[in-house]
Amino acid sequence: MHKRMFILILTSIILGVACGIVCPQEVLAIRWVGTVFINLLKLISLPLIFCALVSAVTSMGNMKRLGPIGIYTVGYVLLSVSIAVLIGLVLLNVFQPGQGVPSSFIFANATPADLTPLEFSSFLLKLFPSNIIEAAAKFEIMTIVLFSIVFAIACLSAGETAKPVIELFTGLRNVFVKMIIWLMYLTPFGLFSLLGAAVAEASLQNRLLESVGGMLFFILIFLGGLLFQVLWQLLLVQWVIKKSSRQFLSSASNAMLVAFATSSSMATLPVTLIVAKEQEVSDEVARFVLPLATTINLAGTAMYEAVSALFFCQILGMHLSILSQVGVFLTAIVAGMGATGIPEGGLVTMIMVLRSVNVPTSAIALLLPFDRILDRFRTMTNVWGDLVCAVTVDHLAKFNNSKQANRSLLSELSESTSVSR
Ligand code: ASP
């Protein structure tokens, strides 16, 4: 199925581009097919984001019971996801790949309702509505994100009685993940229509080459960003954890190849666990840290969401102030932590980041042709990050244990010397 899907997607890309150039008017006439695809993505995204965030935050809370191991893991994840997003934002600000790409590329599939301008004060007001159902109906994703995080924290502090609620939302998350997987089978049709319409608009304006050049430049910058993310973690392994980076790379490469092949950090988990064992990560740490990291440590995905949002803003000529970029930074962190480690799981949470800067969600169409391959690279980065997280937490836990052992040895010694006196 995987291979057949790949061929279908490739065919739809080729057909979309060809038809967009040869018969633009006809392709524009059927752009509703792409709109239906985006609508379905949006339809599932809201409940999925809610359930995924509730289950991610509550699983973090459970880890707290593990004491230092849970705290080190969550600390590491926050650090690595933040660094990933920061790298992406810096690269996008420096290279500005969206400059010069015609905005018709995005507007080709946008509905006018998508394009209301963003104001920070109204954004804040929307965060705290009086009616959560109304906010959901208006697709105020950030409001739903905030609500789900507070809801999850309340579930945790309610204790035992809230356990069934947590289980319900975790189960619902799995159901919505299944629906997203089904929706992905429709990608070739959505892609044909969305890409065809974007190419048709650009070719009607004779700006096709400019658009393709801008996209390729953006992709190169993103891949460079992922490389930086892998590199700083490699330096951490070598200098702080004092492991041979060559040996670490060679055993991690097994998991990364599986990640590349499956585009899913969840599906790669069994191999990630084996690599952690090879790296002498203790069973206790590996068994708790890796499943948690696979759920919340999607740094490559978070970077992708941030750079895409900024790229689209550049295309649309929207200047983002520092404050708005901080907003993108925070939203992308939540999006990366709330995304699911399945093929193209990041597409769903990307809607959330785009909404935070009022970019039309249909802009995702620009990335769809490249998303399959980019997904493989961000999954590799995510799995790499999970492994580094496991060895770092293991290192800190062992360091902690040896410090405690030293302390008790010292107190035993001082007790015995005072007794002998
Ligand atoms: N496929 C990615 C993963 O499994 C998620 C994504 O970025 O779409 O880690």
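Filter region 269-311 down to the residues that are over 12 Å from the mean Cα position of the chain (by Cα), surrounded by 24 or more Cβ atoms within 10 Å (Cβ to Cβ) and hydroxyl-bearing (Ser, Thr, Tyr) and list them by number.
THR272
For residues that are more than 15 Å from THR379 (Cβ to Cβ) and among the polar types (S, T, N, Q), scanning just region 269-298, find the one that is farthest from the ligand (Cβ to nearest atom).
SER282
Residues that are among the charged types (D, E, K, R) and closer than 21 Å to ASN93 by Cβ: which helices (runs of 4 or more DSSP H) entirely in region 263-349 hold 1 or more of them?
Hits in region 263-349: 299-316.
Report, by residue number, each residue of region 371-385 that is more than 9 Å from the ligand (Cβ to nearest atom) and open to solvent by less than 10 Å² (accessible area, probe 1.4 Å).
TRP384, GLY385
Name the single residue that is surrounded by the most Cβ atoms within 10 Å (Cβ to Cβ) among those in region 312-334 being under 16 Å from ILE87 (Cβ atoms) and within 16 Å of the ligand (Cβ to nearest atom).
Per the stated criteria, the residue is ALA332.
Pairs please, first residue from region 378-406 and of a type in the set (Ser, Thr, Tyr) and at pLDDT 90 or above, second anywhere and more than 14 Å from the ligand (Cβ to nearest atom) and open to solvent by 40 Å² or more (accessible area, probe 1.4 Å), Cβ atoms under 8 Å, 6+ apart in sequence or on different chains.
Listed pairs, sorted by first residue: THR392/TYR72; THR392/VAL240.
Of the residues THR349, THR340, which single one is within 10 Å of the ligand (Cβ to nearest atom) and open to solvent by 10 Å² or more (accessible area, probe 1.4 Å)?
THR340
Among the residues of region 250-268 satisfying the criterion of being away from the ligand (no atom under 16 Å from the Cβ) and surrounded by 15 or more Cβ atoms within 10 Å (Cβ to Cβ), which is modelled with the lowest pLDDT?
ASN254
Restricting to region 203-231, what's the tally of residues that are modelled with pLDDT under 85 and on the phi < 0 side of the Ramachandran plot?
The total comes to 11.
Every residue, every condition in (1) surrounded by fewer than 16 Cβ atoms within 10 Å (Cβ to Cβ); (2) not hydrophobic (A, V, I, L, M, F, W, C), yes or no:
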| residue | (1), (2) |
| --- | --- |
| CYS155 | no, no |
| PHE169 | no, no |
| MET179 | yes, no |
| LEU227 | yes, no |
| LYS242 | yes, yes |
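The values are calculated or read from the model by the stated rules, or taken from the named source; none is laboratory data. None of these values were measured; they are calculated from a predicted model. As a convention, Cβ positions derive from the backbone with ideal geometry for all residues, glycine included, and neighbour counts pool all protein chains shown. When the accessible area is computed, the model is the full protein with side chains, heavy atoms only, and any ligands, DNA or RNA have been set aside. Shrake-Rupley method; radii C 1.70, N 1.55, O 1.52, S 1.80 Å.
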